[in-house]
Amino acid sequence: MQPALEGMKVAVLGGDARELALMRELAVEGAKVVGLRLPPGVEPGGLVECRDSAGCVAGADAVILPVPGINERGRLPCAYSEEPIFLTGEILALIPKKAPVFVGMARPILRKMVEDQGLTLIELMQMDEVAILNSIPSAEGAVQMAMEMMSITIHGCVVFVLGFGRTGMTLARLMRSLGADTRVVARKPAHLARIYEMGLLPLTFNDLPGQLKDADLVVNTAPALVLTAEVLKEVPAGAIIIDLASSPGGTDFEAAAALGIKAVLAPGLPGKVAPRTAGRILARVITRLLRGEKGLI
Ligand code: NAP
């Protein structure tokens, strides 16, 4: 059978171990994968390294940016380059118009830059199929961090999971299966009903202040300031807070520090704890989308 992406050129600009795994998967699917920087000494295994962005994107059928996209100054995260790499309008102008640009999450600046060039931006983390699968390494990463930070077992400890979306749901289930006394904070009545059905304690954000005094561990997934200074006053000094929500998180970190509570923002866990899995999740959906488009190109 013909490989799914045979004859296609895919350009990958920057990234880390997750993008490297993604590149390898796409090469297995038959794509010519050109990476803007590969790790030094890495076995190429069908990948082609390109030292300049222009050469990388020229003639590409798809362009993949690192999951976090670019920062406010247009800088691309690239673990394998000592000098900073920037995505500019000039580089985007070289991308063939038919080529989709993939990213995990896009800041407004990236959306505008891509739109200005008449290109199509696909935000992978907005897709349930990616976000749900991604929640597995995210939840495992949170458990790993909790084990490293706490002097007690997860089993038997009191865990509050804040938010019951794609990540919160997976995390709540994982905590329960490890034997934690798991309490889940959500706002939709249907979510509260599901939490109850799962045998967990449902709470609303209004309930929080009176409840957190029992916490050993709090994991936030709600992308809003939910752990305010007022709420944090209830958290015991020895408790740990792991905030998974995208920067700036949902915790008043200054107030936590002033109260002597150990609170950490933990971005990008899939890429850190399971880069191969995280790369494979992205490769699967990108391959499917490119295969779907192939006939149209
Ligand atoms: P999601 O499916 O949209 O779930 C978000 C949850 O937060 C929902 O329960 C939502 O409640 C709740 N929420 C949103 N705004 C809220 C507010 N103002 N007050 C209270 N609750 C609120 O998102 P997700 O995929 O689970 O991701 C959650 C966050 O984690 C995002 O910021 C995402 O970028 C981040 N993330 C981080 C990692 C990591 O490695 N650190 C990995 C994956 C995701 P409703 O359903 O009622 O709206």
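The set of residues from segment 94-107 being touching a residue at least 24 places away in the same chain (Cβ under 8 Å) and surrounded by fewer than 14 Cβ atoms within 10 Å (Cβ to Cβ) comprises LYS98, MET105. For segment 201-217, which positions are within 14 Å of the ligand (Cβ to nearest atom) and under 20 Å from ALA146 (Cβ atoms)? Residues satisfying the conditions are LEU203, LEU208. Evaluate the following for ALA146: is it in a loop (DSSP other than H, G, I, E, B), of a type outside the set (Phe, Trp, Tyr) and under 16 Å from THR251 (Cβ atoms)? Against the criterion (in a loop (DSSP other than H, G, I, E, B), of a type outside the set (Phe, Trp, Tyr) and under 16 Å from THR251 (Cβ atoms)), ALA146 does not qualify. The residue of segment 6-29 that is nearest to VAL57 (Cα to Cα), among those that are buried (at least 24 other Cβ atoms within 10 Å of the Cβ) and more than 19 Å from the chain's Cα centre (by Cα), is ALA11.
Condition check for ALA4 on (1) at pLDDT 95 or above; (2) in a loop (DSSP other than H, G, I, E, B); (3) within 13 Å of ILE286 (Cβ to Cβ): one failure, at (1). A single entry from LEU178, LEU192, LEU174 fulfils the requirement of being more than 9 Å from the ligand (Cβ to nearest atom), touching a Pro at 6+ places or on another chain (Cβ under 7 Å), free of Cβ contacts under 8 Å to residues at least 40 places away in the same chain and more than 30 Å from ILE95 (Cβ to Cβ): LEU192.
Filtered by the rule that a residue be within 30 Å of GLY238 (Cβ to Cβ) and more than 11 Å from the ligand (Cβ to nearest atom), segment 123-149 gives VAL143, GLN144, ALA146, MET147, GLU148, MET149. Within segment 108-122, identify whether any single residue is buried (at least 17 other Cβ atoms within 10 Å of the Cβ) and within 16 Å of the ligand (Cβ to nearest atom), and answer yes or no. Yes: segment 108-122 contains one or more residues that are buried (at least 17 other Cβ atoms within 10 Å of the Cβ) and within 16 Å of the ligand (Cβ to nearest atom).
The values are calculated or read from the model by the stated rules, or taken from the named source; none is laboratory data. Values in this document were obtained by computation on a predicted structure and should not be read as measured data. Virtual Cβ from ideal backbone geometry, glycine too; neighbours counted across all protein chains shown.
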